[in-house]
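Below is one structure; the comments refer to it alone.
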Amino acid sequence: MKEFAARVFAAWSHKINQKWINNPVAAQRKTFNYLIKKAKNTQFGKDHAFHQIKNYTDFTQQVPISDYEGLRAYIEKIRAGKSDVLWPGLPLYFAKTSGTTSGIKYIPISKESMPTHIRAARDAILNYIYHSKKAAFVSGKQIFLQGSPVLKKENGIDIGRLSGIVAHYVPGYLQKERMPSWETNCIEDWETKVQMIIEETLKEKMTVIAGIPSWVQMYFEQIVQQTNNTVGKQFPNFSLFIYGGVNYEPYRPIFKKLIGRSVDSIELFPASEGFFAYQDQQDDKGLLLLLNNGIFYEFIEASFFDDKNPIRYSLEQIKLGVNYVMLISTSAGLWGYNLGDTVMFTSLYPFRLKVTGRIKHFISAFGEHVIGSEIEQSLNIAMDKINDSVSVREFTVAPQISPLEGLPYHEWFIEFEKAPEDINQFSSHIDDAMQAHNIYYKDLITGKILRPLVITIVAKEGFISYMKAIGKLGGQNKVARVSNDRKIADRLKNLNLIQK
């Protein structure tokens, strides 16, 4: 009965979504007009003359590019209990996040924006059912590794992690199948929580497992260690892995080994600020940009982002193969907001994209401007050349500007699940791929400004120890894959997490 209902619901969802998928520009104009009209009498709307905005050009002239610091003064007024500041009324929630430059951030979630988070997650699964014709998993147990749902109230607004907030919205028909228990989900200590999750799930008919890959990996490894079975054998009905937050490709060999067989997967692109995209085709890694979520999107070419007045593009103006910084304006009151993510479109009509990194996560100590996607792609190429005999658990890359001897270089801190027999050959494969991906990096190597990259091996579970040391173990937290300074590198070394 559940399977039949899921198929019917999936067909209905597919039909509804075709309206905006087939009319993307019209959908964005409708969202734009709704947002401006709804917020024109807020403090932000009055400060930026929303009543004068008739089109997108007006918007770019009236509303500056912003980030959390640019909106902090408004958000602090909301936290103090003031209504009608960024969006009508008070937000339902503040999603509490850890920023790299702004410290703790409080992202508003309104009564209009909250349903969009839930609908997007639901539609991602329904879309999978519609296209794959697979629905048996709805009859089994499903687990979503997430933050604690315990919320704190401040001036009438509940505050918590996004994943914890979302836990309050699991529909009734899924509550019986959802894992772990509420009590276990409320455990703050991640290692204790994982152990309790294992105890609750080991004997269950698990069909769907979801979470950030690095933390799901920890869960899987504990299962293999405690049962001496692969995850696939322990959970013979496990058929769907749902993930987001980081690129899955570096983890794929490890997951293949831990699971012991192939399972379908769906990639999501959610954030506290909104749910932006999901993978809508199993044979296409591009993510469908969601245009029905109360979000108006803008894009700036990443290479010009630091210009004084960079050109802002609406959806109908974007091009394939260009690295863009994505800006959002939302039904929670974020305006011209720099999310920090960079994206590249892989198709137009429908609009699909891939996340290429973070605008602040790059290396350009010598003008090379190496971004996260180039690093991840180069690592994958090197792993493929070693014929799957190498698997990487976690990694990060930083510049070494002042080496004790020789030329400067990029230092790759890698924790291997299975290290290559010849580390020098492996680093050469990565460096060759890096030069092929980034002409500026190649010029620096050939011009003897930089020497080829150097791999520093991180000790087993070193990155887990690092995340624990900085208070970010588990939940939605993840290791930055690339940075333009040595804060992570120095911390790894100071904590003695480098393999001797």
What pairs can you find where one residue is in segment 205-227 and on the phi < 0 side of the Ramachandran plot, the other is modelled with pLDDT of 90 or more and of a type in the set (Gly, Ala, Ser), and their Cβ atoms are less than 7 Å apart, with a gap of 6+ or different chains? LYS205/GLY140; MET206/GLY140; THR207/GLY140; THR207/SER239
Residue within segment 42-49 that is part of a helix (DSSP H, G or I), open to solvent by 60 Å² or more (accessible area, probe 1.4 Å), more than 28 Å from TYR313 (Cβ to Cβ) and among the acidic types (Asp, Glu) present: no
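Answer yes if at least one residue in segment 445-464 is part of a helix (DSSP H, G or I), at pLDDT below 90 and out of contact with any Leu (no Cβ under 6 Å at 6 or more places or on another chain), and no otherwise. It would help to see each step written out before you state the result.
Step one: filter segment 445-464 for residues part of a helix (DSSP H, G or I), giving 445-446, 462-464.
This time we only want the ones that are at pLDDT below 90, so: 446.
Checking the rest, the ones that are also out of contact with any Leu (no Cβ under 6 Å at 6 or more places or on another chain) come to 446.
Yes, segment 445-464 has at least one match.
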Exactly one condition in (1) open to solvent by less than 40 Å² (accessible area, probe 1.4 Å); (2) at pLDDT 90 or above; (3) in a loop (DSSP other than H, G, I, E, B) is false for ALA480; which is it? (2)
Can you confirm whether PHE395 is farther than 25 Å from MET344 by Cα and among the hydrophobic types (A, V, I, L, M, F, W, C)? no
Open to solvent by less than 30 Å² (accessible area, probe 1.4 Å), more than 21 Å from SER214 (Cβ to Cβ), in contact (Cβ under 8 Å) with a residue 40 or more places away in the chain and out of contact with any helix residue (DSSP H, G or I) (no Cβ under 8 Å at 6 or more places or on another chain): is that true of LEU444 in this structure? yes
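Residues checked against (1) on the phi < 0 side of the Ramachandran plot; (2) open to solvent by 60 Å² or more (accessible area, probe 1.4 Å); (3) in a helix (DSSP H, G or I):
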site: ARG72; (1), (2), (3): yes, yes, yes
site: PRO88; (1), (2), (3): yes, no, no
site: GLU112; (1), (2), (3): yes, no, no
site: VAL138; (1), (2), (3): yes, no, yes
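I need the full set of residues from segment 234-276 which are aromatic (Phe, Trp, Tyr) and part of a loop (DSSP other than H, G, I, E, B), in order please.
Of all residues in segment 234-276, those aromatic (Phe, Trp, Tyr) come to 235, 238, 241, 243, 248, 251, 255, 269, 275-276.
PHE235, PHE238, TYR248 - these are the residues of segment 234-276 that are aromatic (Phe, Trp, Tyr) and part of a loop (DSSP other than H, G, I, E, B).
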Selection within segment 325-359 - among the β-branched types (Val, Ile, Thr) and within 20 Å of VAL397 (Cβ to Cβ): THR342, VAL355, THR356, ILE359
Residues within segment 286-319 that are part of a helix (DSSP H, G or I), closer than 25 Å to HIS369 by Cβ and under 22 Å from the mean Cα position of the chain (by Cα), tallied: 2
For segment 403-410, does any single residue satisfy the condition of being surrounded by 19 or more Cβ atoms within 10 Å (Cβ to Cβ) and more than 20 Å from ASN247 (Cα to Cα)? yes
Of those in segment 344-376 that are of a type in the set (Val, Ile, Thr) and out of contact with any Phe, Trp or Tyr (no Cβ under 8 Å at 6 or more places or on another chain), the residue most open to solvent (accessible area, probe 1.4 Å) is THR346
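Among residues belonging to segment 140-184 that are of a type in the set (Lys, Arg) and more than 23 Å from SER113 (Cα to Cα), point out the one that is surrounded by the most Cβ atoms within 10 Å (Cβ to Cβ).
Across segment 140-184, the extreme among qualifying residues is LYS141.
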Based on what the data block shows, is LEU334 at pLDDT 95 or above, crowded, with 22+ Cβ neighbours inside 10 Å, in contact with a strand residue (DSSP E or B) (Cβ under 8 Å, 6 or more places away or on another chain) and not charged (D, E, K, R)? yes
Just to be sure I understand the filter: pairs with C-beta atoms under 6 Å, separated by 6 or more residues or on different chains, first member in segment 418-429 and over 13 Å from THR456 (Cβ atoms), second member hydroxyl-bearing (Ser, Thr, Tyr). Which pairs pass? LYS418/SER391
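For segment 140-180, enumerate the residues that are aromatic (Phe, Trp, Tyr) and in a helix (DSSP H, G or I). Walk me through it before giving the result.
So the first thing to find is which residues in segment 140-180 are aromatic (Phe, Trp, Tyr), and the list is 144, 169, 173.
Result: TYR169, TYR173.
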Only one of (1) within 18 Å of ASP264 (Cβ to Cβ); (2) among the charged types (D, E, K, R); (3) assigned to a strand (DSSP E or B) fails for LYS134. Which number is that? (3)
I need the full set of residues from segment 99-132 which are over 20 Å from GLY274 (Cβ atoms) and either at pLDDT 95 or above or touching a Pro at 6+ places or on another chain (Cβ under 8 Å) (or both), in order please. TYR128, ILE129, TYR130, HIS131, SER132
Being open to solvent by 20 Å² or more (accessible area, probe 1.4 Å), aliphatic (A, V, I, L, M) and either touching a residue at least 12 places away in the same chain (Cβ under 8 Å) or closer than 26 Å to MET218 by Cβ (or both) is true for just one of ALA469, ALA433, ALA398, ALA382. Which residue is that? ALA469
Residue pairs, Cβ under 6 Å, 6 or more apart or interchain, first in segment 184-201 and without any contact (Cβ under 8 Å) to a residue 12 or more places away in the chain and aromatic (Phe, Trp, Tyr), second buried (at least 20 other Cβ atoms within 10 Å of the Cβ) and not in a helix (DSSP H, G or I). List them. none
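Kindly establish whether SER391 is touching a residue at least 60 places away in the same chain (Cβ under 8 Å), more than 21 Å from the chain's Cα centre (by Cα) and open to solvent by 20 Å² or more (accessible area, probe 1.4 Å).
Numbers: touching a residue at least 60 places away in the same chain (Cβ under 8 Å): yes; more than 21 Å from the chain's Cα centre (by Cα): yes; open to solvent by 20 Å² or more (accessible area, probe 1.4 Å): no.
Here the answer is no, as SER391 does not meet what is asked.
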Pair list, Cβ < 6 Å and 6+ apart or interchain, from segment 17-29 residues that are touching a residue at least 60 places away in the same chain (Cβ under 8 Å) to residues that are open to solvent by less than 50 Å² (accessible area, probe 1.4 Å) and of a type in the set (Gly, Ala, Ser): TRP20/ALA27
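The values are calculated or read from the model by the stated rules, or taken from the named source; none is laboratory data. Since we're looking at a predicted model, the values are computed, not measured. Cβ sites come from the backbone with ideal geometry, for glycine too, and all protein chains shown count toward neighbours. All accessible areas refer to the heavy atoms of the entire protein, side chains included, with ligands and DNA or RNA removed. Shrake-Rupley method; radii C 1.70, N 1.55, O 1.52, S 1.80 Å.
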